[in-house]
Amino acid sequence: MRIIRHVAAVGAFTALAVGSTVAFGATASAAPNVTPQGVCGKAYKTVNSVPVGSLGTVYLTYNSSNGMNCVATIRANPGSAKYMSTYIYVPATDGWAGDDGKFTSYAGPAYVYGKGYCVSWGGSIDNVYVSVENSNCATLKEQRTTEIR
């Protein structure tokens with residue numbers, strides 16, 4: 001009887017360990033497949049992007065049906081929460097939007113009306129900051145800056 005109880009206990013522990021490994025293993029490796037359209041909306045098309053070092057990318061998207069721009073900063077490897085930010089600014093209208101905080105996969109969305117206007121936008125992940133000034137307008141050449149603080 002003692003042997004049967006021992007075998008049953010070992011079997012239950014093994015099942016629990018295997019089940020936990022499967023459950024936790026799936027959770028740990030199943031990082032969300034985050035896209036700019038998933039953050040901003042399906043109607044938003046990516047019109048520009050800038051890498052944040054090797055940590056991720058800031059995406060500028062545009063919805064032609066309503067004239068809205070959206071910006072999202074998306075990490076290359078989601079994981080533990082890190083400081084992230086995203087922003088967009090339309091100098092001609094003084095329109096501004098942004099998002100910042102500690103996030104596991106993305107910062108944003110941030111929306112601003114921008115039809116027919118130059119936009120400035122950017123973001124950060126951890127200590128790497130990027131900005132794009134005078135973007136997506138035919139008359140001005142954009143200026144890109146990457147800074148590590």
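The values are calculated or read from the model by the stated rules, or taken from the named source; none is laboratory data. Note that the structure is a prediction, hence the values are computed from the model and not measured. Accessible surface areas use protein heavy atoms only, side chains included; no ligands, DNA or RNA. Shrake-Rupley method; radii C 1.70, N 1.55, O 1.52, S 1.80 Å.
Quick look at the values:
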item	result
Estimated vicinal HN-Hα couplings, Hz - segment 57-67 in sequence order (Karplus 6.51, -1.76, 1.60; Gly, Pro = x)	8, 9, 10, 9, 10, 9, 10, 5, 6, 10, x
For ASN48, residues with placed amide H under 5 Å, excluding near neighbours	LEU60
Intensity falloff of segment 37-115 expressed as log10 I(q)/I(0), Debye formula with alpha-carbon point scatterers, at q = 0.15, 0.21, 0.27 Å⁻¹	-0.49, -0.90, -1.29
Cα gyration tensor shape of segment 32-81, rounded if a/c is under 1.5, else prolate or oblate by comparing a/b with b/c	prolate
Karplus 3J(HN,Hα) series, Hz, for segment 104-115 with 6.51 cos²θ - 1.76 cosθ + 1.60 (x for Gly, Pro)	8, 9, 7, 10, x, x, 10, 10, 8, 5, x, 4
Segment 33-148, relative contact order [Cα under 8 Å, separation at least 6], %	22
Anisotropy class of segment 106-149 from Cα gyration tensor, a/c 1.5 cut	oblate
Solvent-accessible area, 1.4 Å probe, carbon plus sulfur percent, for segment 28-149	51
